[in-house]
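Enquirer: What follows is a structure written as C-alpha cells; I'll ask about it next.
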Amino acid sequence: MTGKKWGIGFLVTVLTLLILLGGFVVVIDPFFHYHAPILGLQYPLKNQRYQNDGIVKHFEYDAIITGTSMTENFKASEFDELFNCNSIKIPFSGGSFCEESSQIFRALNSNPNLRYVICSLDHYALEQNKDYLRANLPQYLYNNSIWDDFQYIFNKDVIAKECFSVLLYNYDGNTTTSFDAYSNWMAAYNFGEEAIKATYNRSVPTTFVNQVDLSNEQRNALAESIQQNFVELAIQYPQVEFYLFFPPYSIYTWDMRFQSGTQEAWLQSQEFATELLLECDNIHLFSFSDEFEMICDPNNYKDAGHYGEWVNSQILHWMKSGEHQLTKDNYQDYYRRIRSFYSTYDYDSLFEIPEN
C-alpha cells in the first residue's frame, strides 16, 4: 500500500469513527440538546446546568418551577394538580436572578403555551448586580450556534460518562426521573436544631448591633436587577402569570443577619423589591416571614435556610389560595409586622450562651 493510500485510509477511518461517536451522542443526547428523551430510552435527570436548557427547549409543558435550592423540593405533580397545568422543574442551586430570568426567557421563547412561572427571590440575590452569574454555564449548550457543538458531541466525558450512564440506567431497569424527584435532596439530610447547629452556631451574646440601612448604590443596583430580570419579562409576556416568592428562612438566618448588622438593609431591600414588582399585574408576589411559628421551629429546617419539602408543599397551597400574597394595600403593614418581630427577637435564646 502506498503512503498516499494509507493516508487516505487513515483519514477515512478517523472520520468514520468521529461520525459514529458524534452520532452516538446526538442519538442518546443525555443533555437533551437536540431532542427530548427518545422513545424506548429512560433518562436520569441529575445535572441542572447541563440539562435544564434542553428540558426547556424540548419537553412538553405549560408551567415551570425554577429558582434556587429553595425550589428543589417542590413536587411538580402537586403544582399540576393545584393549578391544572403540566409543569417542569428546572432549579439552579445557588443561582442568581440573572441566571433564573435568562432561563425563564428561553422557556418563553421556546414555548408559546407557557402559562405559569414559579420562582424564588433569595436574600443573597437581592444584593447582586443585574448580570451576576455564580456558575460558568456551558455556553455551547445555551447558545443557538451549531459551530461549537463539537464541545458536546466529541466531549470524552459526555461520551464515556454521560451517554453510557444513560445506557446503564436503562440496563438497571430505571425510569426517567420525575420532576418530583429531580434535584430533591430530602433523603440526604437530617432536620432539627442539631442539624442546624452543625453548620451554624455562635457563643457570643447579642449586644447592641448597629443595623445599617440600604445604601443608595445598593438601591439603584437592586432596581436595575429587578427591572431587567423580572419586570421586563412580565411586561413582555402579559399572558403569563408569574408567582414569585421570598423564601421563609429560619430564625437562625434572621439571627445571622442581625449579628452582621444587615437585617434592616435586608428588610429594606425586600420592601423596595416588592414595590417594584407590584407594578406588574401579572406578578403575584408572596412572602411568608410572618409565619413565625413555622420559622422558629427548627424541625422544619436542615440548616439555617433550607426547609423541608412539606414547607414547599405549603407554599404551593398558599399560592393557590392567595394567602401571604403581598399587594399594594397590605405590603407596608406586612413589613412593619415582621420588622417588629425580628428586630426585637431574643436570639440568644436559640443558643447556650453563658452570661458575662
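Enquirer: For the chain, modelled as a Gaussian network with Cα springs under 10 Å, which listed residue fluctuates most, D180, D172, D255?
Expert: D172
Enquirer: Another question, if that's okay. Dipole of the chain (Lys/Arg Cβ +1, Asp/Glu Cβ -1, origin at the Cα centre): which of F242, F292, A107 lies farthest to the positive side?
Expert: Looking along the dipole axis, the top candidate is A107.
Enquirer: With a 1.4 Å probe and all protein chains kept in place, how much accessible area does H317 have, in Å² rounded to the nearest 10?
Expert: 80 Å²
Enquirer: Ok, one more. How much length is gained on full extension from E293 to V209, taking 0.36 nm per residue of separation minus their Cα-Cα distance?
Expert: 27.8 nm
Enquirer: How big is the gap, in Å, between the Cα center of region 225-255 and the Cα center of region 267-307?
Expert: 10 Å
Enquirer: In addition: Kindly provide the helix-only [θ] at 222 nm of the chain, computed as the sum of -39,500 (n - 2.57) over DSSP H runs of four or more divided by all residues, to the nearest 500 deg cm²/dmol? Spell out each step's value before the answer.
Expert: On the way: 15 runs with 151 residues, N = 356.
Calculated mean residue ellipticity at 222 nm is -12500 deg cm²/dmol.
Enquirer: Separate question: Would you be so kind as to identify which of F59, I118, P91 lies farthest towards the positive end of the dipole of the chain, taking Lys and Arg as +1 and Asp and Glu as -1 on Cβ and the Cα centre as origin?
Expert: F59
Enquirer: Let me ask something else. Within 10 Å, count the other beta carbons around each residue, average over each peptide in 52-58, 38-44, and list them highest first.
Expert: Order by mean packing, descending: 52-58, 38-44.
Enquirer: Run the numbers on the chain and let me know its relative contact order in percent, using alpha-carbon pairs under 8 Å that are six or more apart.
Expert: Result for the chain is 20 percent.
Enquirer: Another question, then. Stretch N84-F154 to full length: gain in nm at 0.36 nm per residue minus the Cα-Cα span?
Expert: On the way: separation 70, 0.36 × 70 = 25.20 nm, distance 4.13 nm.
Contour length minus Cα-Cα distance gives 21.1 nm.
Enquirer: Additional query: Based on the mean of other beta carbon atoms within 10 Å per residue, what is the order of 267-275, 116-124, most packed first?
Expert: Order by mean packing, descending: 116-124, 267-275.
Enquirer: On to the next question. Heads up, I need the accessible area for M319: 1.4 angstrom probe, whole protein in place, Å², nearest 10.
Expert: 10 Å²
Enquirer: Over region 129-176, with every protein chain in place, what whole percent of the accessible area is carbon and sulfur at 1.4 Å, could you tell me? Write out the running numbers ahead of the final one.
Expert: Values: 1830 of 3300 Å².
With neighbouring chains kept in place, the figure for region 129-176 is 55 percent.
Enquirer: When all C-alpha to C-alpha distances in the chain are sorted into bins of 20 Å, what percent of pairs does each bin hold, rounded to whole numbers?
Expert: Spelled out bin by bin, the chain gives 26, 51, 18, 4, 0 percent.
Enquirer: Once you have a ≥ b ≥ c as the square roots of the Cα gyration tensor eigenvalues for region 158-314, tell me rounded if a/c is under 1.5, and otherwise prolate or oblate according to whether a/b is larger than b/c.
Expert: Judged from the Cα gyration tensor, region 158-314 comes out oblate (a/c at least 1.5, b/c at or above a/b).
Enquirer: Is region 269-355 rounded, prolate or oblate when judged by the Cα gyration tensor, a ≥ b ≥ c being the square roots of its eigenvalues, rounded requiring a/c under 1.5 and prolate requiring a/b larger than b/c?
Expert: Oblate, because a/c is 1.5 or more while a/b does not exceed b/c.
Enquirer: Hey, can you find the accessible area per residue of region 57-170 for me, probe 1.4 Å, expressed in square angstrom?
Expert: Per-residue accessible area for region 57-170 comes out at 43 Å².
Enquirer: Considering only lysines 8 or more places apart in sequence, or on different chains, count the pairs in the chain whose C-alpha atoms sit under 18 Å apart.
Expert: For the chain, qualifying lysine pairs total 9.
Enquirer: Under the classification rounded if a/c is under 1.5, otherwise prolate if a/b is larger than b/c and oblate if not, where does region 186-276 fall, given a ≥ b ≥ c as square roots of the Cα gyration tensor eigenvalues?
Expert: oblate
Enquirer: Still on this structure, please answer the following. How many percent of the accessible area of region 246-336 is carbon or sulfur, using a 1.4 Å probe?
Expert: 44 percent
Enquirer: HN-Hα J couplings of region 285-299 from phi, Karplus 6.51/-1.76/1.60, θ = phi - 60°, integer Hz, Gly and Pro as x?
Expert: Going residue by residue, I get 9, 10, 8, 10, 6, 8, 7, 4, 5, 5, 5, 8, 9, x, 5 Hz, with x marking Gly and Pro.
Enquirer: Right, here's the next one. Ranked highest first by average number of other Cβ atoms within 10 Å, how do 75-81, 147-153 line up?
Expert: Put in order of decreasing packing, that is 75-81, 147-153.
Enquirer: Please list H33, H306 in order of solvent-accessible area, largest first, computed with a 1.4 Å probe with all protein chains present.
Expert: My answer, sorted largest first, is H306, H33.
Enquirer: Determine the order of Y345, Y189, Y252, Y200 by accessible area, beginning with the largest, at a probe radius of 1.4 Å. Mind dumping the intermediate values first?
Expert: On the way: Y345 60, Y189 110, Y252 10, Y200 35 Å².
Ranked list, largest accessible area first: Y189, Y345, Y200, Y252.
The values are calculated or read from the model by the stated rules, or taken from the named source; none is laboratory data. Computed from a predicted model, the values in this text were never measured in an experiment. Here the Cβ is made from the backbone with ideal geometry for all residues, glycine too, and neighbour counts use every protein chain on show. For the accessible areas, the whole protein counts, side chains as well, though only heavy atoms, and no ligand, DNA or RNA atoms are used. Shrake-Rupley method; radii C 1.70, N 1.55, O 1.52, S 1.80 Å.
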